[in-house]
Amino acid sequence: MSHQGIRFSTQEEHNREALETRKLPRIALTPEKVRVLLTEGKGLEIDWADGHRSAWAFNWLREACPCATCVEERIQEGRKPGQPRPKPAALLPMYAPPAKPASAHPVGRYAIQFNWADGHSGGIYSWEYLRRVCQCPECTFSEAETRGTPN
Ligand SMILES: [Zn+2]
Ligand SMILES: [Zn+2]
């Protein structure tokens, strides 16, 4: 039994490491189609060269800004990329307009940059970053499954 246990934990270690340093093939990091749904105010959609499809709402992307300031802020507040900041406890609910970029443009061949309506524009969203934070059920499920207790 103990032998099996050892073998099992080794497998787990391997899985965890594979997730963290998950090397994605080039084809998984190459966008075939990038759609910024600016006028609809919806978000970003990418069709990848490997056939995978990702979509993010602008609100999510704003909270996942990869610039040094935002990353630092998220680490300090213990937030994951895309996780909204805690709302201050107020008697009157404050209206926060949904995040929306005024414009978006490609950065070289490897990233996209948003000029957010709130004036922030420091974040460069590389294809690799975006693919790693894909929010589709398939990607979020496999992440939860690896984190959860195995059966
Ligand atoms: Zn930022
Ligand atoms: Zn996905």
query = How many residues does the range 31-56 contain that are on the phi < 0 side of the Ramachandran plot, open to solvent by less than 60 Å² (accessible area, probe 1.4 Å) and free of Cβ contacts under 8 Å to residues at least 24 places away in the same chain?
reply = 4
message = Residue under question is Ala64, and the condition is that it be in contact with a Phe, Trp or Tyr (Cβ under 8 Å, 6 or more places away or on another chain), within 16 Å of ligand 1 (Cβ to nearest atom) and more than 24 Å from Ala28 (Cα to Cα); does it hold?
response = no
Residue list for the range 106-123, filter: open to solvent by 70 Å² or more (accessible area, probe 1.4 Å) and either touching a Cys at 6+ places or on another chain (Cβ under 9 Å) or not acidic (Asp, Glu) (or both) = Pro106, Arg109, Tyr110, Ala117
query = What is the number of the single condition among (1) open to solvent by 100 Å² or more (accessible area, probe 1.4 Å); (2) modelled with pLDDT of 95 or more that Arg26 does not meet?
reply = (2)
message = I'd like the residue in the range 87-101 that is open to solvent by less than 80 Å² (accessible area, probe 1.4 Å) and farther than 17 Å from Cys67 by Cα and, out of all such residues, is modelled with the highest pLDDT.
response = Ala96
remark   = Within the range 128-138, residues open to solvent by 30 Å² or more (accessible area, probe 1.4 Å) and either under 16 Å from Lys23 (Cβ atoms) or modelled with pLDDT under 95 (or both) come out as Glu128, Tyr129, Arg132, Pro137, Glu138
ask   = Given the structure, is Arg79 surrounded by 14 or more Cβ atoms within 10 Å (Cβ to Cβ), charged (D, E, K, R) and outside any strand (DSSP E or B)?
value = yes
task = State which residue pairs qualify: first residue under 18 Å from Ile112 (Cβ atoms) and without any contact (Cβ under 8 Å) to a residue 60 or more places away in the chain and inside the range 67-84, second residue part of a loop (DSSP other than H, G, I, E, B) and open to solvent by 60 Å² or more (accessible area, probe 1.4 Å) in any location, beta carbons under 8 Å apart, and separation of 6 or more residues or different chains.
result = Gly82/Gln135
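The values are calculated or read from the model by the stated rules, or taken from the named source; none is laboratory data. Please read these numbers as outputs of a predicted model, since none were measured by experiment. Reconstructed Cβ throughout: ideal geometry from the backbone, glycine too, with neighbour counts over all protein chains shown. Ligands, DNA and RNA are stripped out before the accessible areas are found, and what is left, the full protein with its side chains, is counted by its heavy atoms. Shrake-Rupley method; radii C 1.70, N 1.55, O 1.52, S 1.80 Å.
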